[in-house]
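Here's the structure, in C-alpha cells; my notes come after.
All of the numbers you see were taken from the coordinates with simple rules; none came from a lab. Because the structure is predicted, anything quoted here is derived from the model rather than measured. When we count neighbours, we look across all protein chains shown, and the Cβ atoms used for this are built from the backbone with ideal geometry, even at glycine.
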Amino acid sequence: MPDTKTDSAGSDITPMAAPGKKSHFKRFWWVYLLVFLIIATVIVVPSVLLVAVPKIAQQKLDGAKLTIDGITVTNTQTDSLIMAINSTIEADDSVHATVDAFQGTMYLADVDPPLAFAHIDFPQTTSSSMQAVNVSQEIRISNQDAFTTFNKALLSSVSVNVQVKGDTHIHVRGVSRAYPATFDKTVALAGLNNFDGLSISDPSISIRVKGNFNATVHIPNPSVLTLEIGNTTFTSFLNNEDVGQTYINNLILRPGNNTFVTTADIQQLPILKALTQKPLCELDGKLPFQLKGKDVVNKGQVLPYFRDALAASSQNVTIDLSEAAKKIGITAKCIGL
C-alpha cells in the first residue's frame, strides 16, 4: 500500500520533500544560476538590441534640432534648378551614432495634407552636438503645380512651415546592426511677405511711347532664400486700370534689401489724368500703383512656378511722380475741366 494518509474529509496528504533534494540544490545552485543567466541572455539581449536600442536611437533623432541657415536657388529652368541648402543640426551626443545618407522629401506643411514639392539628398551625419550639413544638387521639378503652390505661399506669407522627411538607418557605436529610423523635422522659414516695403525712387518719365518710365526699385527680402528669378514682367495698375508693363531684368533676390533698375511702357493719358484730376490729383503726385506678375523668363526659359506665384497677388507701391512730371512741364495739381 502507498504510504499516503487520508484525513477525515477524504483529502490526500503528500509526504514532505526528502532532505536529499535540498542538499542537491545547495550543491548545484550555480548550475541553476547559470541556466537562468543563459535564458535571460537569450531573451533579454535580443529584446534590447531589437527594441530598446532602436527606440533610443529614434528618440535621439527626434530630439535633434534642424536649423535652415540659407537656401540658394540658381540656374532656374522650366523643369529644373540648382538648390543649395546650408543647415545646422544640434543633437544629444550622449549616444554615439551615425545616421546614413538619405533622400528627404520637402513638404509645404501649412496645407492639409502636407504637399511634397521637392526632394533633396542629405549626407551621412553623426551624433555630434552641433554640425553643419550643407547640400547642393540639381532638383528636377516633377510636379509644377506643387512647386508653384509652395512659391505662392513663400511669396505671400510672413512665414512658411517646411517639413523634411525621409527614411534612413542609424548605426550605434559598438553594435554591428543598422537600425531603420525616420528623419522628420519641420522648420519655420521667413517668407517674402508679398514684398511689403517695396519702394521706387528716382523716377523719370518721358513722352515716348515705349520705355517712357525709368526708376530704381527697392525690394526687401526678409527670408534666408536667394532666388534667381530672371527677366520679370509685371502688369502695372493704377486705380484698378491696366496702364502698362513694368520690367526688371536679371532679378536675383538676396536676403536683405535689393536694388534694381526698372523700366516701363506706361500709357500717358491715365497718368496725366491721375496727376491733374480728382480724386488722385489730391495726392500731390504720389500715385498708388499695383504690380502683378505677368511673365518670368530666365536664360530663354519660361519659369511658370515663379510667374504664377507673382501673378497670384498684387504688390502695392506708391510712386512720387511730382518732380518727374514737372521736368516735362506737367504740374501735379488738380485743375478744372
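Things to note:
- Cross-link partners for LYS278 among the aspartates and glutamates, with Cα-Cα distance under 18 Å and sequence neighbours closer than 8 places in the same chain left out: GLU241, ASP320.
- Computed FRET value (nearest 0.05) for ASP265 with THR78, which takes r as the C-beta separation and R₀ as 35 Å: 0.85
- Summarising the label geometry, the points placed 7 Å from Cα in the beta-carbon direction at ASN249 and LYS278 lie 4.4 nm from one another.
- Contact order normalised by residue count of the range 101-211, Cα under 8 Å, 6+ apart, percent: 25
- Cβ-based net charge around LEU155, under 13 Å, with every Lys or Arg adding one and every Asp or Glu removing one: +1
- Pairs from the table (LYS286/LYS327; LYS273/LYS326; LYS210/LYS286) all lie within 26 angstrom of each other at Cα.
- Kirkwood hydrodynamic radius of the range 60-190, from inverse mean 1/r over distinct Cα pairs, in Å: 15.6
- Placing a label point 7 Å from the Cα of VAL209 along the Cα-to-Cβ line, the residues of the range 249-268 whose backbone N sits under 17 Å from it are 264-268.
- Stretch gain in nm, segment SER156-ASP69, where the contour uses 0.36 nm per residue and the Cα spacing is subtracted: 29.2 nm
- Rounded FRET efficiency, nearest 0.05, which uses the C-beta distance separating ASN231 from ASN257 and R0 of 22 Å: 0.55
- Amide N of the range 318-337 lying under 13 Å from the label point, which is placed 7 angstrom from the Cα of LEU198 along Cα→Cβ: 318-319
- The slack between VAL135 and ASP121, meaning 0.36 nm per residue of separation minus the straight C-alpha distance, is 4.3 nm.
- Where only alpha carbons of the range 194-327 are counted, the Rg and the Dmax (Å): 14.8, 44
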